Amino acid sequence: MFVMDRVHLIICLLGACVNVCECEPAMFGEVSSPQYPQPYPANIQKQWDLEVPQGYQLQLTFNHLDIESSPDCYYDSVTVVSDKKVLGKFCGQNSTDKFHPGDKPILAPGNRLQLVFLTDDSNHESHLGFTAFFQAVDIDECSSSSVENGPPCSQICLNTLGSYLCACYHGYTLRPDQRTCVLECGGGVRSELEGTISSPGFPDTSPLDLDCIYTISVQPGFMITLNFSQNFHVDQVYSQGESCLFHWLQVSVQGKEPRKYCGVKSPGVLNTGTHFVQLEYHTDGYGQSQGWSLSYTTQRVQCPHPGSIGNGTVTPKFAQYLYRDYIHVRCKPGYKIMMGEKEISSYKSICQSNGQWHLTLPECKIIDCGAPKPLMNGDFELISGENNEYLSVIEYHCNEPYYRFKDTSKATYKCAVDRKWTDVSNNDLIPICYPVCGMNTEVSFGGRVFGGKPARSGQIPWQLFHKQLRRGGASLISDYWALTAAHVVDGLENTNMTWLGGIVNSQDRNPVTMEANKIIIHPNYQRVPVGGDRKNFNNDIALIKMSARVQLGPNIRPVCLPNIISGPVMEGKMGTVSGFGGFEQGSTSEILRYGHIQEYPSEQCVFEDYFVSENMFCAGDEVKRVDSCQGDSGGPLFFPMLGYGTKEQPYEVRGIVSWGPARCGHVSKSYYTKVQNYLGWIEETMANN
């Protein structure tokens, strides 16, 4: 069987589908007798229709032929037929046999052949049959004498594989029939950017009675230049001072009067300055002109030099800028591209076909970083520059003496290229103003809580007071958080608890009022039912978060948390306890009192049936009978002693008034929650809430 390229279509009609093969004729193939290379069967008749593409001849070559020999191949045979004409009838075994084709190819006159194989019903000997190869052979149509109606082309014939092409001599064009040529005379529009044009038949004499029009039209943005060869001859006749009367070449350019040329002087080079030119070549029925030829080129239109721009650059830099050239504008660092009142991210302008830039140049204006971020509990001031512009410098500072930065007193920021205020490390995060802890505004000595000395305004500015529901105190440790004893707020977590600060008299009409937003009791604190008798004050500590930031001032400031201390809590020195609790037998104080106390070993502070742990310590003053009392619970025991705090050693809350004897002043010793044991819990709780 032979090879063919196949395209299969499935055609369905009334529910029945037929597989139709649209087959392109193959360029070559092979055909063999049935059962080859086994002996062929008797009494068969088989036909093969061989075909190659149009424009080729089919050539058949027998690779092997072994068919029973007989006179005129009467019994068995293979016959080659072309258009009902028998090209050969073959049988035999060897090329020496009379009717054996041998290895000589058989060339069909066209692109088709039929192969017919016949055998009779009696084979006395076994014969293998045949195998043959067919292929397409190109036809040289240009030299073939078999082409009907004479030569295929009127002038030039070009043979191609499977076909041929016709061409014409210079000055002639091919007609639509693609075979015959006609004299070329203008026609069409030349849009290529360069080319050549010549009169019909040039350099031979031009035909008479010509009216040829040649049009050159290239895309806008290009200008045409005509370059005539020196071999120029257009018949010239003078009449009353006029020339170019009967033969002429007229050049028409947009925006200018047409101009005629004749004679033997070449027009040379003509710069038309436009993208459209028309040439008209005219001859009458007399005279003789040898004609002309020209080549034309194009050049791009030129745009004016764009100039320069302040605080920026125009790129690329060319000596001249032509059609389709483009320019970019880049501003110096710290400047932005402005087109009128609008900022644009980038600028690009193209030289247009009319010789003008499609966009005018923008401006480079200095950037600004906008208003600096506000600093909570601080402010900023402009150090240099103006209008928050590039390279302007500001300084942040905290509202001292109540707030300060952690590591510096001021923070300098500059307006940077990325339009952010950044510090020397290119960080745009502004610092945090931390409350200054452990500082007061007045120093005084002496006194005690139980019968102690009244405090003056500003002496103990971290003291908070609560007299509703349950009288007690607390210590302000930041501008949001306070520290107190758990038993003071136990059971009051979901109530509206109001704390007073910035006062030394509980009847003050203008206290700093703080509403508790969260009350967080230490998770290991053991609660006792209402009315129960508490004997265990272990983990007696709680945190209070206020609903709003406390505005710090001279009379309300936080106390510091202690560092981890090894050994005695107060390092063998005196500390100070303060509060609004009892100061005389059976009475509570409406004014803030303080007293100085020392730490005692636990074995000197034994209260029967009460649980004592490492989370508490004992303090008081047996000599001066200074002690905390009911109503002081939750208040601070701070160190160093009031009057001795400095910037180098600020006041720290080292104890929280927790529990003691039932009668104040009777023993002059009480227990305090050891704050240093809870630093981790305090920091974690504040960070998570």
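Quick one: which of Ile139, Ile106 is modelled with pLDDT under 85 and surrounded by 17 or more Cβ atoms within 10 Å (Cβ to Cβ)?
One residue alone meets the criteria, Ile139.
From the set of residues in segment 624-677 that are of a type in the set (A, V, I, L, M) and surrounded by 22 or more Cβ atoms within 10 Å (Cβ to Cβ), which is nearest to Gly438 (Cα to Cα)?
The extreme case among them is Val653.
If Thr225 meets every condition in (1) at pLDDT 95 or above; (2) of a type in the set (Val, Ile, Thr); (3) more than 27 Å from Gln356 (Cβ to Cβ) apart from one, which number is that one?
(3)
Restricting to segment 392-409, name every residue that is closer than 26 Å to Val559 by Cβ and either assigned by TED's automatic domain parsing to the domain that holds Gly334 or not hydroxyl-bearing (Ser, Thr, Tyr) (or both).
Within segment 392-409, His397, Cys398, Asn399, Glu400, Pro401, Arg404, Phe405, Lys406, Asp407 qualify.
Being in a strand (DSSP E or B), touching a strand residue (DSSP E or B) at 6+ places or on another chain (Cβ under 8 Å) and among the aromatic types (Phe, Trp, Tyr): is that true of Tyr594 here?
So Tyr594 fits the description; yes.
I need the full set of residues from segment 514-531 which are surrounded by fewer than 11 Cβ atoms within 10 Å (Cβ to Cβ) and modelled with pLDDT under 95, in order please. Give the steps one after another, and end with the answer.
Here is the first cut: in segment 514-531, the ones surrounded by fewer than 11 Cβ atoms within 10 Å (Cβ to Cβ) are 523, 529-531.
Listed by number, the residues that qualify are Pro529, Val530, Gly531.
Being closer than 21 Å to Ala474 by Cβ and not basic (Lys, Arg) is the filter here; which residues of segment 592-619 pass it?
Scanning segment 592-619 gives Leu592, Tyr594, Gly595, His596, Ile597, Asn615, Met616, Phe617, Ala619.
Can you find, within segment 389-404, the residue that is nearest to Pro435 (Cα to Cα) among those that are at pLDDT 95 or above and surrounded by fewer than 18 Cβ atoms within 10 Å (Cβ to Cβ)?
Result: Glu395.
Determine if segment 403-413 includes at least one residue that is on the phi > 0 side of the Ramachandran plot, part of a loop (DSSP other than H, G, I, E, B), within 42 Å of the chain's Cα centre (by Cα) and not small (Gly, Ala, Ser). Give the derivation first.
Of all residues in segment 403-413, those on the phi > 0 side of the Ramachandran plot come to none.
No, there is no match, as no residue in segment 403-413 is on the phi > 0 side of the Ramachandran plot, part of a loop (DSSP other than H, G, I, E, B), within 42 Å of the chain's Cα centre (by Cα) and not small (Gly, Ala, Ser).
Hey, can you tell me all the residues within segment 52-67 that are surrounded by fewer than 21 Cβ atoms within 10 Å (Cβ to Cβ) and farther than 26 Å from Ser95 by Cβ?
Within segment 52-67, Pro53, Gln54, Gly55 qualify.
Of Gln250, Gln254, Gln230, which residue is surrounded by fewer than 18 Cβ atoms within 10 Å (Cβ to Cβ) and closer than 17 Å to Pro200 by Cβ? Spell out how you get there, then give the answer.
Working: Gln254 fails: closer than 17 Å to Pro200 by Cβ; Gln230 fails: closer than 17 Å to Pro200 by Cβ.
Of Gln250, Gln254, Gln230, the one residue that is surrounded by fewer than 18 Cβ atoms within 10 Å (Cβ to Cβ) and closer than 17 Å to Pro200 by Cβ is Gln250.
Hey, among the residues in segment 409-426 that are free of Cβ contacts under 8 Å to residues at least 12 places away in the same chain and loosely packed, with under 14 Cβ neighbours inside 10 Å, which one's farthest from Ala371 (Cα to Cα)?
Going through the qualifying residues, I end up with Ser425.
Can you pull out the residues in segment 228-286 that are among the basic types (Lys, Arg) and out of contact with any Cys (no Cβ under 6 Å at 6 or more places or on another chain)?
Within segment 228-286, Lys256, Arg259, Lys265 qualify.
Residues in segment 170-186: is at least one modelled with pLDDT of 80 or more, small (Gly, Ala, Ser) and buried (at least 16 other Cβ atoms within 10 Å of the Cβ)?
No: zero hits.
Considering segment 298-346 alone, what residues qualify as being in a strand (DSSP E or B) and within 24 Å of Leu270 (Cα to Cα)?
Correct list: Thr298, Gln299, Arg300, Gln302, Cys303, Tyr321, Leu322.
Kindly establish whether Tyr75 is part of a loop (DSSP other than H, G, I, E, B) and over 30 Å from Phe222 (Cα atoms).
On the way: part of a loop (DSSP other than H, G, I, E, B): yes; over 30 Å from Phe222 (Cα atoms): yes.
Yes; evaluated as a whole, the condition is true for this residue.
Got a sec? Which of Arg534, Arg557 is surrounded by fewer than 19 Cβ atoms within 10 Å (Cβ to Cβ) and in contact (Cβ under 8 Å) with a residue 40 or more places away in the chain?
Exactly one residue qualifies, and that residue is Arg534.
This table checks each residue for (1) surrounded by 13 or more Cβ atoms within 10 Å (Cβ to Cβ); (2) closer than 30 Å to Gly273 by Cβ.
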site: Lys348; (1), (2): no, yes
site: Gln352; (1), (2): yes, yes
site: Pro362; (1), (2): yes, no
site: Asp368; (1), (2): yes, no
site: Ala371; (1), (2): no, no
site: Ser384; (1), (2): no, no
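Within segment 244-272, restricting attention to residues that are charged (D, E, K, R) and in a strand (DSSP E or B), which residue is farthest from Val218 (Cα to Cα)?
At the first step, the residues of segment 244-272 found to be charged (D, E, K, R) are 256-257, 259-260, 265.
Still in the running and in a strand (DSSP E or B): 259-260.
Values: Arg259: 21, Lys260: 23 Å.
Looking at residues that are charged (D, E, K, R) and in a strand (DSSP E or B), I get Lys260.
Tell me which residues, restricted to segment 214-266, are farther than 16 Å from Trp292 by Cβ and either of a type in the set (D, E, K, R) or not assigned by TED's automatic domain parsing to the domain that holds His282 (or both).
The answer is Glu242, Lys256, Glu257.
Considering every residue within segment 481-489, establish whether at least one is assigned to a loop (DSSP other than H, G, I, E, B), surrounded by fewer than 24 Cβ atoms within 10 Å (Cβ to Cβ) and either touching a strand residue (DSSP E or B) at 6+ places or on another chain (Cβ under 7 Å) or modelled with pLDDT under 95 (or both).
Looking through segment 481-489, none of the residues is assigned to a loop (DSSP other than H, G, I, E, B), surrounded by fewer than 24 Cβ atoms within 10 Å (Cβ to Cβ) and either touching a strand residue (DSSP E or B) at 6+ places or on another chain (Cβ under 7 Å) or modelled with pLDDT under 95 (or both).
Need pairs with beta-carbon distance below 6 Å; first residue touching a residue at least 24 places away in the same chain (Cβ under 8 Å) and surrounded by fewer than 21 Cβ atoms within 10 Å (Cβ to Cβ) and within segment 454-480, second of a type in the set (Asp, Glu) and part of a loop (DSSP other than H, G, I, E, B); sequence gap 6+ or separate chains.
The qualifying pairs are Arg456/Glu442; Gly458/Glu442.
Picking from Lys647, Lys669, which residue would you name as being among the basic types (Lys, Arg) and farther than 19 Å from Gln459 by Cβ?
After applying the criteria, what remains is Lys669.
The values are calculated or read from the model by the stated rules, or taken from the named source; none is laboratory data. Everything numeric in this text was worked out from a predicted model, so none of it was measured. Note: ideal-geometry Cβ built from the backbone for every residue, glycine included; neighbour counts use all protein chains shown.
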